[in-house]
Amino acid sequence: MKFCSNCGGPLVLRVPPGEQLPRHVCDRCGTIHYRNPKLVVGCVPQHDGRILLCRRAIEPRRGYWTLPAGFMENGETLQQAAARETLEEACAAVQVGSLLAVVHVLHAEQVHVFFRAVLPAARYGTGTESLEVALFDAAAIPWEDLAFPSNDFALRRFLEDRAAGRDAHHFTTIDRRLRQAAGPIDAPAAGGVAQ
Ligand SMILES: [Zn+2]
C-alpha cells in the first residue's frame, strides 16, 4: 500500500497515537488505512458419496486441484459465499450445510472457512477460473496435486467425520512464516487463493 485511497497522498507506516501496531497513515488527510485478514469461503460438495473438485485455471497454483472457494463479498453470508463460489467455479448449485473447518492462514493474512455441501444432481461444468471440474471417490482424491494446505485439512477432516458418522467442526493454523525461519519449506507453496 503506497498511496491513500481517499486523497491520493503518500502513505507512511507508523504507529498512530493510542495504537500498538504500525499502520499505513496518510499525513495529507489523516486517514489510517487498516489491513485486516481476508475471509476465503468454500465447501466440500458431495454427490452420491463423491466429492467435487476444480482444477485451477488461474494463479496461484494453476493446474492444481482445489475445493470451490474464494474471497467473501460484502453483503453476503458465509454460506452464500460458499454457494456462489461453487456456482462460479464449478457451475454447480449446492445446498450448503454444516460448518466443517476454519483454517487460519497467517502468512497469507487469510482465514479459510469450509462448509459441507450437497450437490443434489450431478450437474456441473467448468467455470472460467477452472480448467476441469470432476467428482472424485474418496480413494481417488489427488492429494499430491491439491492447491492449498487448507484444502488438504478440510478434506481429511470431512472424510474422517463422514466415516465416523458425525458433523464436527475443526480449527487449525498454518503459519509458513515460522517454517521459513526454521528451515526448508516442506509444503507446496500457497500464497493466495482464487479471486
Ligand atoms: Zn489521504
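The values are calculated or read from the model by the stated rules, or taken from the named source; none is laboratory data. All of these numbers come straight from a predicted model, not from anything done at the bench. Quick reminder, even Gly has a Cβ in these numbers, built from the backbone with ideal geometry, and neighbours come from all protein chains shown. For accessibility, only protein heavy atoms count, side chains too; no ligands or nucleic acids. Shrake-Rupley method; radii C 1.70, N 1.55, O 1.52, S 1.80 Å.
What whole-number value in cubic angstrom gives the convex hull volume per residue for the C-alpha atoms of region 1-98? Once divided by residue count, the hull of region 1-98 is 162 Å³.
Got the relative contact order for region 1-92 handy, in percent, Cα pairs under 8 Å and 6 or more residues apart? Please list the in-between numbers first.
Working: 137 pairs, mean separation 17.4, N = 92.
Across region 1-92, relative contact order equals 19 percent.
Counting pairwise Cα distances across region 39-146, what percent come out greater than 16 angstrom?
Details: 3189 of 5778 pairs.
Here the tail beyond 16 Å accounts for 55 percent of pairs.
When the chain is treated as a GNM, springs tying every alpha-carbon pair under 10 Å, which of CYS43, CYS26, CYS54 comes out with the largest mean-square fluctuation? Comparing CYS43, CYS26, CYS54 in the GNM, the peak value goes to CYS26.
When only Cα pairs under 8 Å and 6 or more residues apart are kept, what is the percent relative contact order across region 32-83? Mind showing how you got there, number by number?
Numbers: 62 pairs, mean separation 20.1, N = 52.
Relative CO of region 32-83 lands at 39 percent.
Relative contact order of the chain: 22 percent, from C-alpha pairs under 8 Å at least 6 residues apart in sequence.
With a ≥ b ≥ c the root eigenvalues of the C-alpha gyration tensor of region 67-127, is it rounded (a/c under 1.5), prolate (a/b larger than b/c) or oblate?
Working: a/c = 1.91, a/b = 1.68, b/c = 1.14.
Prolate, because a/c is 1.5 or more and a/b exceeds b/c.
In the elastic network of the chain, a GNM with C-alpha springs shorter than 10 Å, the most mobile of ALA93, ALA69, ALA163 is ALA163.
With every protein chain kept in place and ligands, DNA and RNA left out, what is the accessible area per residue of the chain? Probe 1.4 Å, answer in Å².
Value returned for the chain: 53 Å² of accessible area per residue.
A cut-off of 5 Å between modelled amide H atoms, ignoring neighbours fewer than 5 places along the same chain, links GLY127 with ALA90, CYS91. Pull up the DSSP beta bridges for the chain and report the antiparallel fraction as a percent, rounded to 5. Percentage antiparallel, nearest 5: 65.
On the protein heavy atoms, probe 1.4 angstrom, tell me the percent of accessible surface of the chain carried by carbon and sulfur.
On the way: 5300 of 10350 Å².
For the chain, the apolar C and S fraction of the accessible surface comes to 51 percent.
Calculated mean residue ellipticity, 222 nm, the chain: -5500 deg cm²/dmol, from DSSP H runs (n ≥ 4) at -39500 (n - 2.57) each, averaged per residue and rounded to 500.
Remark on LEU100: its backbone amide H falls under 5 Å from those of PHE114, PHE115, ARG116, a criterion applied only to residues 5 or more positions apart or on other chains, H modelled at 1.01 Å from N. For the chain, the cysteines with no partner cysteine C-beta closer than 4.7 Å are CYS43, CYS54, CYS91.
In the chain, the longest principal axis of the Cα atoms and the axis of helix 78-90 are about 70 degrees apart.
Near PHE136, the amide H atoms lying under 5 Å from its own belong to ILE51, LEU52, LEU53; only residues 5 or more places off or on other chains count, and H is placed 1.01 Å from N.
Under the simplified labelling scheme, the ASP48-GLN20 pair shows an inter-label distance of 5.4 nm, with each label point 7 Å from Cα along Cα→Cβ. With bins 5 Å wide beginning at 0, the percent of Cα pairs of the chain falling in each bin runs 1, 8, 14, 17, 18, 13, 10, 8, 6, 4, 2, 0. Considering only VAL40, LEU78, ALA121, and ranking their Cα positions along the charge dipole of region 1-130 that arises from unit charges at the beta-carbon of Lys, Arg, Asp and Glu, the one farthest toward the positive end is VAL40. Against the chain, whose longest principal axis is taken from its Cα atoms, helix 149-164 shows a tilt of about 40°.
Computed about the Cα centre, the dipole magnitude for region 106-145 is approximately 280 debye when only Lys and Arg (+1) and Asp and Glu (-1) carry charge, each at its Cβ.
Springs join every pair of Cα atoms under 10 Å in this Gaussian network model of the chain, and among ARG177, ARG62, ARG157 the largest mean-square fluctuation is at ARG177.
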